Amino acid sequence: MEFRIAADELKKALHRAQGIVERKSTMPILSNVLINASKSGVTVTAFDLDIGIVSDHPAEVLKPGAVTVSAKYVFDIVQNLPEAQLTLKKLPNNYAEIVSGSAHYKIVGMAPEEFPKLPKEESSQLVKLSGTTLLEMIKKTSFAISTDETRYILNGVFFEPREGGKVRMVATDGHRLTLIERELSGEFKLKGGVIIPRKGLFELKRLLEEAPDAECQLGFADNSALFKKPGLSMVMRLIDGQFPEYQRVIPKEGEKQLNVNRARFTDGLKRISLLSADKSNAVKIGLSDGQLRITANNPDLGEAKDDVEVGYKGGPLTIGFNARYLLDVLSVMESDEVALELGDEHSPGVLHAPGDKSYTAVVMPMRV
């Protein structure tokens, strides 16, 4: 095998592989990428048995063939080559030679036959969709995915087709929940919802961020999801299990409702949480007529308070929250004003844009 390729093309493929390849695996070949050269160009495959990405790249192929090499080390090499072009050649015993200008490398590879096969994708019903919308849905839910491996059902986002061509995505870690509903017209052929795993979702987010406006497709089949855009396809295994009945967590309309300036609320939370207890990020939200007061009290550091003017007329309330959970939500919202709904000090807080619950976040209270 031998081909010439632009260093930037190979770098792009290897950069995509970095989040997928396994660094410490019982199968050493999973830290490699499979490079396949044919008449039509070069394909680069990364696969960790759960997520696989295959990308196509233009190249001058002098001799077809395949080799697998370390994704990390070859990426480091390609980033530091002296010329814009490189030649990659397969040598005996699965070695690979990389030449660019004065630089010359001989890399240990592995037999391409040992590289695991990706799941078949023929049965996936692909739906064309807006990459921009899908990216928004991921950004507004992914931070609430649980990182507790013992609760594996919550280690992903619930993807649920709804009536009228809409899709809902929900994430929760037990302390907060985010829900977004957007129009992704197309028939996904799903009986219920599916759970897209956290790692796969973040890789999908990276691919969408490369070119959000590019035409893309998404489909599901046999406990796997398939994503395609020009020159690239990604397949990932879904989490097998039943997502909790999330609707039960979302409270009915809170009796205490107010609108607060998002930027002002964000700044206040950032300022006051500087003095909150290290891990809990605990702050108190106090409501009184026309005012929202944010306070923090730390025996080792002292106390802090900040008052925010709000159009609130109702009974007083003091409730504790993890400031980081509130800030995560506020950072992805776009509206200038945020509607905040509260019940009592034991009830969750609900945030959404005024008059629009298509994106809703629920944050559980905490004792402070």
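The number of residues in the range 63-94 that are buried (at least 21 other Cβ atoms within 10 Å of the Cβ) and among the acidic types (Asp, Glu) comes to 0.
If you take the residues in the range 324-350 that are more than 20 Å from Lys252 (Cβ to Cβ) and among the polar types (S, T, N, Q), which one is farthest from the chain's Cα centre (by Cα)? This residue is Ser335.
Of Leu204, Leu177, all but one fail to be open to solvent by less than 40 Å² (accessible area, probe 1.4 Å) and under 20 Å from Phe47 (Cβ atoms); the exception is Leu204. Being assigned to a helix (DSSP H, G or I), closer than 30 Å to Val362 by Cα and not small (Gly, Ala, Ser) is a property that Phe143 has. The single condition among (1) over 25 Å from Leu134 (Cβ atoms); (2) touching a Gly at 6+ places or on another chain (Cβ under 8 Å) that Val362 does not meet is (1).
Within the range 226-282, take every residue that is assigned to a helix (DSSP H, G or I) and aromatic (Phe, Trp, Tyr) and give me the one that is surrounded by the fewest Cβ atoms within 10 Å (Cβ to Cβ). Per the stated criteria, the residue is Tyr246. Just one of the listed residues (Val74, Val67) is part of a helix (DSSP H, G or I), modelled with pLDDT of 95 or more, on the phi < 0 side of the Ramachandran plot and of a type outside the set (S, T, N, Q), and it is Val74. Residues in the range 32-50 that are at pLDDT below 95 and surrounded by 15 or more Cβ atoms within 10 Å (Cβ to Cβ) were compared, and the one that is nearest to Glu9 (Cα to Cα) is Asp48. Within the range 161-185, residues that are within 17 Å of Leu129 (Cβ to Cβ) and in contact (Cβ under 8 Å) with a residue 40 or more places away in the chain reach partners that are open to solvent by 50 Å² or more (accessible area, probe 1.4 Å) and assigned to a strand (DSSP E or B) with beta carbons closer than 8 Å, at six or more positions or on different chains, in the pairs Glu181/Lys166; Arg182/Lys166; Glu183/Lys166; Leu184/Lys166.
Can you tell me how many residues in the range 87-101 are assigned to a helix (DSSP H, G or I) and touching a residue at least 12 places away in the same chain (Cβ under 8 Å)? The number of residues fulfilling the criteria is 1. For the list (1) farther than 13 Å from Phe220 by Cβ; (2) open to solvent by 10 Å² or more (accessible area, probe 1.4 Å); (3) small (Gly, Ala, Ser); (4) assigned to a loop (DSSP other than H, G, I, E, B), I need the number of the one condition that Gly192 fails. All conditions are met except number (1). Can we say Lys252 is closer than 14 Å to Gly349 by Cα and out of contact with any Pro (no Cβ under 9 Å at 6 or more places or on another chain)? In short, yes.
In the set Lys139, Lys117, Lys128, only one residue is within 30 Å of Gly193 (Cα to Cα), touching a helix residue (DSSP H, G or I) at 6+ places or on another chain (Cβ under 7 Å) and among the basic types (Lys, Arg); that residue is Lys139.
Entry remark, the range 7-53: residues being part of a strand (DSSP E or B) and more than 19 Å from the chain's Cα centre (by Cα) number 12 in total. Scanning the range 311-368 for residues that are open to solvent by 30 Å² or more (accessible area, probe 1.4 Å), in contact (Cβ under 8 Å) with a residue 24 or more places away in the chain, charged (D, E, K, R) and over 27 Å from Asn298 (Cβ atoms) yields a count of 3.
The values are calculated or read from the model by the stated rules, or taken from the named source; none is laboratory data. From a predicted model like this one, the values you see are computed outputs, not experimental measurements. As a convention, Cβ positions derive from the backbone with ideal geometry for all residues, glycine included, and neighbour counts pool all protein chains shown. Accessible surface areas use protein heavy atoms only, side chains included; no ligands, DNA or RNA. Shrake-Rupley method; radii C 1.70, N 1.55, O 1.52, S 1.80 Å.
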